[in-house]
Amino acid sequence: MDPDEVPEHDVRSFLAEVHGDEYVAYRSLKEARADPDSAVVLSGDYGATIFLTVPVRLLRCGLATLRTLVSDLDAVTWMSGDLTIATVAIERHPVGAGVIGGGRGGVVVDGVWLHPTEVAPELRGQAIEVVSGHRPRVDVTLLRQLRERELASKKEWRTAHPSRFELAWDFDIRPPAIPFE
C-alpha cells in the first residue's frame with residue numbers, strides 16, 4: 001500500500017451497504033481536503049471501537065503519525081496495535097454525524113472527539129496534541145504504564161473467568177505493532 005493512501009474501511013462500508021446508507025471514503029488526505037465534510041476516524045478491534053474522530057480541516061499531522069497513534073491506542077486497550085485491526089480511515093462525516101462502531105460508535109465534533117471510556121484519561125490530552133501537530137507521538141513511558149495496567153486487569157479478569165476452551169489467559173495478546181521506543 002502507498003504510504004500516502006488509506007484503504008476504505010471494510011466494516012463501515014459493509015454496514016452502510018446493508019442499511020442502504022451512502023458510504024464515502026477518501027484514498028488520501030489531499031483528496032479529503034476538497035470536502036468540508038471529510039473526517040479522520042481512528043478505530044480498533046476491526047472498527048468495533050471508535051477511538052478518535054477529527055474533521056480533516058483541523059488535522060495538523062500526517063498519515064504516518066495517525067497510524068502510530070491508532071496503533072498506540074489499540075495497543076493499550078485491545079492489546080494489539082496491528083494496523084489491520086487498528087485502522088485509520090478518511091470518510092465523509094459532517095460535524096454532528098455519528099460513526100458506526102460498537103459501544104455506541106463515535107461522533108464527529110468541531111474538534112477532536114475521543115471515546116469517553118476506551119481512551120484512558122491520561123492519554124486524552126496527548127492524543128489531541130498529536131492530531132493537532134504539537135507532538136509526534138504519545139509519551140512512550142505513559143504507553144508502557146497503561147499497557148501494563150491493562151494487561152494486569154485482563155489477566156485478573158480472565159483468571160477469574162476461565163475459558164472452557166483451555167486457552168492461556170493471554171492467547172490473543174500481541175506485542176505492540178509499533179514498538180514503544
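The values are calculated or read from the model by the stated rules, or taken from the named source; none is laboratory data. What you are looking at is a predicted structure, and each value in this text was computed from that prediction instead of being measured. Glycine gets a Cβ as well: all are built from the backbone with ideal geometry, and neighbour counts include every protein chain shown.
Scanning the stretch 62-76 for any residue that is under 14 Å from S38 (Cβ atoms) and touching a helix residue (DSSP H, G or I) at 6+ places or on another chain (Cβ under 7 Å) turns up at least one such residue. Scan the stretch 166-177 and report the pairs whose first residue is closer than 14 Å to L83 by Cα and whose second residue is surrounded by 12 or more Cβ atoms within 10 Å (Cβ to Cβ) and of a type in the set (S, T, N, Q), with Cβ atoms within less than 6 Å and a gap of 6+ or a chain change. Listed by first residue and then by second, the contacts come to R174/S80; A177/S71.
For the stretch 78-96, give me each residue that is part of a loop (DSSP other than H, G, I, E, B) and modelled with pLDDT of 95 or more. So that I can check it myself, show each step before the final result.
At the first step, the residues of the stretch 78-96 found to be part of a loop (DSSP other than H, G, I, E, B) are 78-86, 93-96.
Scanning the stretch 78-96 gives H93, P94, V95, G96.
On the stretch given as the stretch 1-57, residues that are touching a helix residue (DSSP H, G or I) at 6+ places or on another chain (Cβ under 7 Å), over 18 Å from W113 (Cβ atoms), loosely packed, with under 13 Cβ neighbours inside 10 Å and not charged (D, E, K, R) total 1.
Mind listing whichever residues of the stretch 71-87 are more than 15 Å from I173 (Cβ to Cβ) and surrounded by 23 or more Cβ atoms within 10 Å (Cβ to Cβ)? Full working, then the answer.
Of all residues in the stretch 71-87, those more than 15 Å from I173 (Cβ to Cβ) come to 72-73, 83-84, 87.
The answer is D72, L73, T87.
Looking at this structure, is A152 closer than 20 Å to M79 by Cβ and surrounded by 12 or more Cβ atoms within 10 Å (Cβ to Cβ)? Here the answer is no, as A152 does not meet what is asked.
Does the stretch 23-37 contain any residue that is among the small types (G, A, S) and at positive phi? Quick ask: steps written out before the conclusion?
Pass one, the stretch 23-37, residues among the small types (G, A, S): 25, 28, 32, 34.
From the residues that got through so far, the ones that are at positive phi too are none.
Scanning the stretch 23-37, I find no residue that is among the small types (G, A, S) and at positive phi, so the answer is no.
Residues of the stretch 85-100 being within 18 Å of D45 (Cβ to Cβ) and of a type in the set (A, V, I, L, M), which ones? Step through it out loud before you land on a result.
If we filter the stretch 85-100 for residues that are within 18 Å of D45 (Cβ to Cβ), which is where we start, we get 85-89, 91, 98-100.
Scanning the stretch 85-100 gives I85, A86, V88, A89, V99, I100.
Taking every residue in the stretch 63-88 that is among the aromatic types (F, W, Y) and pairing it with any residue that is part of a helix (DSSP H, G or I), at least 6 positions away or on another chain, the pairs with Cβ-Cβ distances below 6 Å are W78/D45. For first residues located in the stretch 1-30 and among the basic types (K, R), partners that are modelled with pLDDT under 80 and lie 6+ apart or on another chain with Cβ distances below 6 Å form the pairs R27/E5.
In the stretch 29-46, which residue that is touching a Leu at 6+ places or on another chain (Cβ under 8 Å) and over 16 Å from T84 (Cα atoms) is modelled with the highest pLDDT? Once the filter is applied, the top-ranked residue is V40.
Among residues of the stretch 117-161 being in contact with a Lys or Arg (Cβ under 9 Å, 6 or more places away or on another chain) and outside any helix (DSSP H, G or I), the one that is farthest from V70 (Cα to Cα) is H134.
Report yes if some residue within the stretch 110-120 is in contact (Cβ under 8 Å) with a residue 12 or more places away in the chain and farther than 19 Å from G47 by Cα; otherwise report no. Give the derivation first.
In the first step, residues of the stretch 110-120 are kept if they are in contact (Cβ under 8 Å) with a residue 12 or more places away in the chain; the result is 110-115, 117-120.
Now narrow it down to the ones that are farther than 19 Å from G47 by Cα: 110-111.
The answer is yes; a qualifying residue exists.
Return the residues of the stretch 16-70 that are part of a helix (DSSP H, G or I) and touching a Pro at 6+ places or on another chain (Cβ under 6 Å); say none if nothing qualifies. Across the stretch 16-70, there are no qualifying residues.
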